[in-house]
Amino acid sequence: MTKYIKNSYLFGIVGGALTLVAFWVLKALDLEPIDFTLFFACMITPVFVFIGMKNFRDEHSDGELLFAQGMTVGFVIYTSLAIVTALGIALFLNLDQGIFISHRAEKIAWLEGQEDYITENVNKEAFDETMSKNLDMSISDIALDVFLKIFMLELFFTIIISIILKRTKS
């Protein structure tokens with residue numbers, strides 16, 4: 001198990017660091033850094049998973065990669081990338097509370113604009129509960145949301161990449 005971790009965690013850390021650089025670039029461009037960083041992370045993670053699995057197969061496994069090995073390597077990569085990204089965003093939000101406040105205000109404003117739609121299609125209680133949760137949003141909620149979204153989405157990509165790169169010796 002340690003050979004999988006040892007040979008793949010750096011891909012996740014580098015991907016997470018690149019994602020955090022994107023956070024600051026997006027902030028400098030006056031874009032909404034949290035949502036766009038999450039989108040960026042979900043786009044580059046499959047690239048890092050692919051490169052990491054291919055590196056493991058070619059450099060550490062004698063050209064052979066079983067599906068389970070690919071899943072393990074991919075899991076280490078996307079989990080470490082998700083952890084680095086979520087913790088980095090939490091740190092940045094603690095350092096610059098203005099980003100957090102504007103993100104929460106944007107979510108609340110969007111929800112207020114959808115009040116009629118939600119009330120008609122679900123009910124008023126669901127809208128009120130959602131609004132209450134958005135008003136009580138914390139930095140840890142955002143970090144957990146970022147982590148879970150990257151983690152869940154990349155599981156799907158890792159399965160596909162493991163199948164593509166699977167190679168056994170004949």
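No value in this document is a laboratory result; all are computed from the given coordinates. Small disclaimer: the values here were computed from a predicted structure and weren't measured. Cβ placement follows ideal geometry from the backbone for every residue including glycine, while neighbour counts extend to all protein chains displayed.
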- Note on the structure: Computed from the beta carbon distance with a Förster radius of 41 Å, FRET efficiency for residue 30 and residue 125 to the nearest 0.05 stands at 0.65
- Message: Give me the net charge for the shell around residue 32: Cβ to Cβ below 13 angstrom, other residues only, Lys and Arg +1, Asp and Glu -1.
- Response: 0
- Beta carbons within 10 angstrom, averaged per residue: use that to sort the peptides 136-143, 71-78, 109-116, highest first. 71-78, 136-143, 109-116
- Query: In whole Å, what three semi-axes, largest first, describe the equivalent ellipsoid of the chain built from its Cα gyration tensor (square root of 5 times each eigenvalue)?
  - Reply: 37, 19, 12
- Item | Spatially close lysines, pair count over the range 26-170: Cα under 26 Å, gap of eight or more or interchain | 12
- For the range 116-170 and the range 3-69, write down the distance between their C-alpha centroids in whole Å. 19
- Note on the structure: To the nearest 0.05, the calculated FRET efficiency linking residue 140 and residue 66 through their beta-carbon distance, R0 being 25 Å, is 0.10
- Item | Net charge, residue 54 excluded, C-beta distance under 12 Å - Lys, Arg +1, Asp, Glu -1 | +1
- Value of [θ]222 nm, deg cm²/dmol, for the chain, DSSP H segments ≥ 4, -39500 (n - 2.57) each, nearest 500: -28000 deg cm²/dmol
- Distance in nm between pseudo-label sites at residue 148 and residue 108 (7 Å out along the Cβ direction from Cα): 2.2
